[in-house]
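**Student:** After the structure tokens below, expect a handful of questions from me.
The values are calculated or read from the model by the stated rules, or taken from the named source; none is laboratory data. Everything numeric in this text was worked out from a predicted model, so none of it was measured. Here the Cβ positions follow ideal geometry from the backbone for every residue, glycine too, while neighbour counts run over all protein chains shown.
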Amino acid sequence: MKLLVTGGAGFIGSNFIHYWLNKYPQDQIRNLDLLTYAGNPDNLKDLENNPNYEFIHGDICNQALVETAVQGVDLIVHFAAESHVDRSISDSSDFVKTNVEGTRVLLDAAKNNGGIRFHHVSTDEVFGALEMGDKKFTEDTPYSPRSPYSASKAASDHLVRAYFHTHKLPITISNCSNNYGPYQYPEKLIPLFVTNLMEGKKVPVYGNGLNIRDWIHVDDHNYGVDLIIKQGKIGETYCLGGNSEKTNLEITKAVLNLMGQGEEMIEYVGDRLGHDLRYAIDFSKAEKELGFKPQHSFENGLKETVEWYKNNQTWWKKLKK
């Protein structure tokens, strides 16, 4: 099989490419990535000489380029997205352009070239926010995005479904919870905290630190995407979670403990605008229909992740400069 992976030089996309070529070494992957600040060629340095891997530097909004990139592919796996909430609050323009218009360009290319199988990777943030006693998000939870980032991802989800209903494009969608693991850009919570502590800096915690997120190891996420691609029903959405709800303060203390540091390294900062209290994923549909179940406990996964950043300082130091 030949795959076009968009955003494959980013955190989740690069881990997906490693996962896929390790599991299906006979398959071919074409990676289309613009290499914005979050796209890093170093994430895939070990594949430079792999004959089944091809890199195309370009923008998913470039219609002519995308038309060329989809030639001969059997499957499009769409990771490419602007994804940092704080950046979307400062300026939402790139989020609307990449996440909405870029998705439309890809969908048109898939439609115009024989109806290429299309898997769209999205987020639990499209569902809005939960209170403490609320049931977890499911595939039937109404959309209620609350940040420019999540609004742009919600729009892209709706576009993907529209192409299924209108054009019969063979699509699937996955909505996942917070990912963690190797190669994550160090503006995100876990790598920011680990690398800050290695640099002797404090870790900034928003507000009181009691906002809750469900965490999934990036390899478990990509395992779920694999199951959806191979076994998922066309036109369906699947939620993928790690069954690991943690407050930001719990994450902070766990990282401090693994780094041998005390709570004096915490610096409480002003809360994020419109900071959602809680996200949580009910992945029972994926478990029942696909056999999906996270393979990493959060404790072991976090320990491995901290060790990865300790052992790959040259990777993250140039990014933090």
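**Student:** The conditions are (1) under 14 Å from the mean Cα position of the chain (by Cα); (2) over 18 Å from ILE281 (Cα atoms); (3) not basic (Lys, Arg), and SER174 fails exactly one of them. Which is it?
**Tutor:** Result: SER174 fails condition (2) only.
**Student:** Scan segment 248-274 and report the pairs whose first residue is closer than 13 Å to ASN208 by Cα and whose second residue is at pLDDT 95 or above and of a type in the set (S, T, N, Q), with Cβ atoms within less than 9 Å and a gap of 6+ or a chain change.
**Tutor:** ILE266/THR252
**Student:** Are any residues in segment 92-149 among the hydrophobic types (A, V, I, L, M, F, W, C) and surrounded by fewer than 16 Cβ atoms within 10 Å (Cβ to Cβ), and if so, which ones? Let's see the steps before the verdict.
**Tutor:** From segment 92-149, those among the hydrophobic types (A, V, I, L, M, F, W, C) are 95-96, 100, 105-107, 109-110, 116, 118, 121, 126-127, 129-130, 132, 137; that's our starting set.
Once the filter is applied, which keeps residues that are among the hydrophobic types (A, V, I, L, M, F, W, C) and surrounded by fewer than 16 Cβ atoms within 10 Å (Cβ to Cβ), segment 92-149 yields only MET132.
**Student:** Residues in segment 41-56 that are under 20 Å from VAL73 (Cα atoms) and surrounded by 14 or more Cβ atoms within 10 Å (Cβ to Cβ): how many?
**Tutor:** Within segment 41-56, residues that are under 20 Å from VAL73 (Cα atoms) and surrounded by 14 or more Cβ atoms within 10 Å (Cβ to Cβ) number 7.
**Student:** Do we find that LEU227 is within 24 Å of LYS23 (Cα to Cα) and in contact with a Gly (Cβ under 6 Å, 6 or more places away or on another chain) in this structure?
**Tutor:** Judged against the criteria, LEU227 is not a match.
**Student:** Let me ask you something else. Mind listing just one residue for me: the one in segment 196-218 that is over 23 Å from the mean Cα position of the chain (by Cα) and small (Gly, Ala, Ser) and, of those, modelled with the highest pLDDT?
**Tutor:** The extreme case among them is GLY200.
**Student:** In segment 47-89, how many are in contact (Cβ under 8 Å) with a residue 60 or more places away in the chain, among the hydroxyl-bearing types (Ser, Thr, Tyr) and closer than 17 Å to GLY8 by Cα?
**Tutor:** Of the residues in segment 47-89, 1 are in contact (Cβ under 8 Å) with a residue 60 or more places away in the chain, among the hydroxyl-bearing types (Ser, Thr, Tyr) and closer than 17 Å to GLY8 by Cα.
Okay, residues lined up against (1) within 17 Å of TYR268 (Cβ to Cβ); (2) not aliphatic (A, V, I, L, M):
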| position | (1), (2) |
| --- | --- |
| PRO191 | no, yes |
| VAL194 | no, no |
| ASN211 | yes, yes |
| TRP215 | no, yes |
| HIS221 | no, yes |
| ASP226 | no, yes |
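**Student:** Tally up the residues in segment 118-150 that are touching a residue at least 24 places away in the same chain (Cβ under 8 Å) and out of contact with any His (no Cβ under 8 Å at 6 or more places or on another chain), please. Reasoning before the result, please.
**Tutor:** If we filter segment 118-150 for residues that are touching a residue at least 24 places away in the same chain (Cβ under 8 Å), which is where we start, we get 118-132, 134-139, 146-150.
Narrowing further to those that are out of contact with any His (no Cβ under 8 Å at 6 or more places or on another chain): 122-132, 134-139, 146-148, 150.
Summing the residues that are touching a residue at least 24 places away in the same chain (Cβ under 8 Å) and out of contact with any His (no Cβ under 8 Å at 6 or more places or on another chain) in segment 118-150 gives 21.
**Student:** Restricting to segment 270-321, count the residues that are touching a helix residue (DSSP H, G or I) at 6+ places or on another chain (Cβ under 7 Å), aliphatic (A, V, I, L, M) and either surrounded by fewer than 17 Cβ atoms within 10 Å (Cβ to Cβ) or under 19 Å from ASN43 (Cβ atoms) (or both).
**Tutor:** Within segment 270-321, residues that are touching a helix residue (DSSP H, G or I) at 6+ places or on another chain (Cβ under 7 Å), aliphatic (A, V, I, L, M) and either surrounded by fewer than 17 Cβ atoms within 10 Å (Cβ to Cβ) or under 19 Å from ASN43 (Cβ atoms) (or both) number 2.
**Student:** Look at segment 57-80 and say how many of its residues are surrounded by 16 or more Cβ atoms within 10 Å (Cβ to Cβ) and either in contact with a Phe, Trp or Tyr (Cβ under 8 Å, 6 or more places away or on another chain) or within 17 Å of ASP27 (Cα to Cα) (or both).
**Tutor:** Number of matching residues: 8.
**Student:** Still on this model: Scan segment 305-316 for residues that are touching a residue at least 12 places away in the same chain (Cβ under 8 Å), assigned to a helix (DSSP H, G or I) and not hydroxyl-bearing (Ser, Thr, Tyr) and jot them down.
**Tutor:** VAL306, TRP308, LYS310, GLN313, TRP315, TRP316
**Student:** Related question: Checking MET132 against (1) modelled with pLDDT of 95 or more; (2) in a loop (DSSP other than H, G, I, E, B), which test does it fail?
**Tutor:** It is condition (1) that MET132 fails.
**Student:** Have a look at THR141, THR172 and point out the one that is more than 27 Å from LYS111 (Cβ to Cβ), modelled with pLDDT of 95 or more and touching a helix residue (DSSP H, G or I) at 6+ places or on another chain (Cβ under 6 Å).
**Tutor:** Of THR141, THR172, the one residue that is more than 27 Å from LYS111 (Cβ to Cβ), modelled with pLDDT of 95 or more and touching a helix residue (DSSP H, G or I) at 6+ places or on another chain (Cβ under 6 Å) is THR141.
**Student:** A further question follows. In the list VAL121, VAL105, VAL126, VAL100, which residue meets the criterion of being modelled with pLDDT of 95 or more, closer than 19 Å to LEU75 by Cα and part of a helix (DSSP H, G or I)?
**Tutor:** Exactly one of VAL121, VAL105, VAL126, VAL100 is modelled with pLDDT of 95 or more, closer than 19 Å to LEU75 by Cα and part of a helix (DSSP H, G or I), namely VAL105.
**Student:** Just to be sure before I move on: is LYS293 more than 12 Å from VAL194 (Cα to Cα) and free of Cβ contacts under 8 Å to residues at least 60 places away in the same chain in the structure I sent?
**Tutor:** yes
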